[in-house]
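Please treat every number below as a calculation from the coordinates, not as lab data. All values derive from a computational prediction rather than experimental measurement. Neighbour counts are summed over all protein chains in view; Cβ atoms, including those assigned to glycine, are modelled from backbone coordinates with ideal geometry.
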Amino acid sequence: MTEPGVETATLYRQVGGRETVSAIVEAFYRRVESDEHLRPVYPEDLEPGKEKLKLFFEEWLGGPRAYSSKYGHPRLRRRHFPFVIDEKAAGRWLRYMREAWQEAGVDADTQAAVFGRLGPLARHMVNAGEDVPRGPLGNTFLQ
Ligand code: HEM
């Protein structure tokens, strides 16, 4: 995962900090909630994942490192193994994420910088048909 540096710290500021990150994640989850393919991939209670995604994005953009303090290394692909993610789910995830950043009013240059990384990351998360450990990880602290 990206170490916060000059570029990412700038991104966190550019995006608008905690308030905008929260608005993005809320807008994204509203879309997930009404998608018949993506919704079943997520657990029944969406709130804990929502909070984790907010903390993660803050850190990923160069903001406070609360996600790592609480949960350890993001190890995103590993953390997604309990959830079967196919190409279609990754495509929808990415589309809704784009719409959410747009809705939150993030400027086009910042969005371009962010999605240059998020696109490949979303495709990297596809694990359907792979023989990976599917057991729940919950809040496990990963090194
Ligand atoms: C490609 C499609 C993706 C799907 C279908 C997907 C789905 C999910 C699901 C079902 C969860 C569990 C939520 C919960 O426990 O309530 C989750 C957690 C999470 N996702 Fe994704 N995800 C995708 C891509 C991504 C990407 C690209 C990122 C990062 C940029 C990301 C970041 C996270 C984070 C940080 C968590 C919380 C992990 C934890 O600490 O447990 N996801 N995701």
Discussion item. Based on this model, can you work out whether residue 39 counts as more than 9 Å from the ligand (Cβ to nearest atom) and under 30 Å from residue 131 (Cβ atoms)?
Written reply: yes
Only one of (1) part of a helix (DSSP H, G or I); (2) more than 12 Å from the ligand (Cβ to nearest atom); (3) touching a helix residue (DSSP H, G or I) at 6+ places or on another chain (Cβ under 6 Å) does not apply to residue 122, and that is (2)
Taking the stretch 125-143 and keeping only residues that are more than 13 Å from the ligand (Cβ to nearest atom) and surrounded by 11 or more Cβ atoms within 10 Å (Cβ to Cβ), one is left with 132
Filtering the stretch 58-73 down to residues that are under 17 Å from residue 25 (Cα atoms) and buried (at least 17 other Cβ atoms within 10 Å of the Cβ) yields 58, 59, 60, 61, 62, 63, 67
Q) Do we find that residue 28 is under 20 Å from residue 134 (Cα atoms), surrounded by 13 or more Cβ atoms within 10 Å (Cβ to Cβ) and within 14 Å of the ligand (Cβ to nearest atom) in this structure? A) no
